[in-house]
1. For the range 118-163 and the range 167-234, what is the separation of their C-alpha centers, rounded to whole Å?
2. Would you order 76, 176, 55, 11 from fewest to most other beta-carbon atoms within 10 Å of each residue's own beta-carbon?
3. Could you put 132, 52 in order, starting from the residue whose Cβ has the fewest other Cβ atoms within 10 Å?
4. Report the extension gain between residue 31 and residue 10 in nm, rounded to one decimal, defined as 0.36 nm multiplied by the number of residues separating them, less their alpha carbon distance.
5. Counting DSSP beta bridges in the chain, what percent are antiparallel, to the nearest 5?
6. Give the distance, in whole Å, between the Cα centre of the range 60-107 and the Cα centre of the range 1-44.
7. Enumerate the residues in the range 1-43 having an amide nitrogen under 14 Å from the point lying 7 Å beyond the Cα of residue 83 toward its Cβ.
8. Which entry in (1) 13; (2) 28; (3) 18 matches percent of Cα pairs over 32 Å apart derived from the coordinates of this structure?
Amino acid sequence: MINPICARVISTIPRTYNVKSIRVAIDGAIDFKAGQFLRVKLNNDDNLQRYLSISSSPTEKGYLEFTKKITDSDFSSALSILKPGDMVSIEYPYGAFTLERSVERIAFISGGIGITPIRSMCKFAVDKNLNLDIVLLYANNSVKDIAFREDFEKMQAEYGNLHVTHVLCEKDMEFSCVVGRINADIIKKEVPDYLGRFFFLCGPPAMVEAMKGLLTKELEVPLGNIITENFQGY
């Protein structure tokens, strides 16, 4: 049984115009695996609770970070006005969308706010200098929608085996990206050794199911090489 704890907000970080990260202080050991999620309850109100992916890595000490797209829901409204010193109730860890597998080559496919657990896993791999070859295809509408852009740029510079391809619906002449939607041709080009990789899929449920179908039916990736997470934090 996972018991809830009261945690103090230490900082709030805007990731895009409509995505915000909340960091809460955790005393002592922080026991979770990169890629897992937590339950957050605000104002001690059962109607204001959500399951959100942990966007920080176990290598980042002293705090847990969770990240959410701010919508017009009551939960988003309450979360968006959190400030340092406020208290929230959290329960963690949940989930098996983690790196605990004997694999060396990974392909992440993500859309929008589904990037949060992938940020955690990539940060963990970089900080631990794991022997992993990682490709990330990250889909968004436009450059302004890219969460953790600076983090991934820094990680690529530090870790030679991480390659990030941004796939955007809107072309930006000042930003390197692939224009369109992720399809078989894009995967073949950006992940030429796709049959030798494990695919981690995370994003809106419709996207996850579409990518799973594309991989298994069009590209004949074995179902056992596909790990999915239908992101719950919308």
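What follows draws every value from the coordinates through simple rules; no lab data is involved. Here the structure is a predicted model, which means the values were calculated and not measured. Don't worry about glycine lacking a Cβ; one is built from the backbone with ideal geometry, like all the others, and counts go over all protein chains shown.
1. 15 Å
2. 176, 11, 76, 55
3. Ascending number of Cβ neighbours within 10 Å: 132, 52.
4. 5.7 nm
5. So the antiparallel bridges amount to about 50 percent of the total.
6. Here the two parts' Cα centres lie 5 Å apart.
7. 9-12
8. After the calculation, the listed value that fits is (3).
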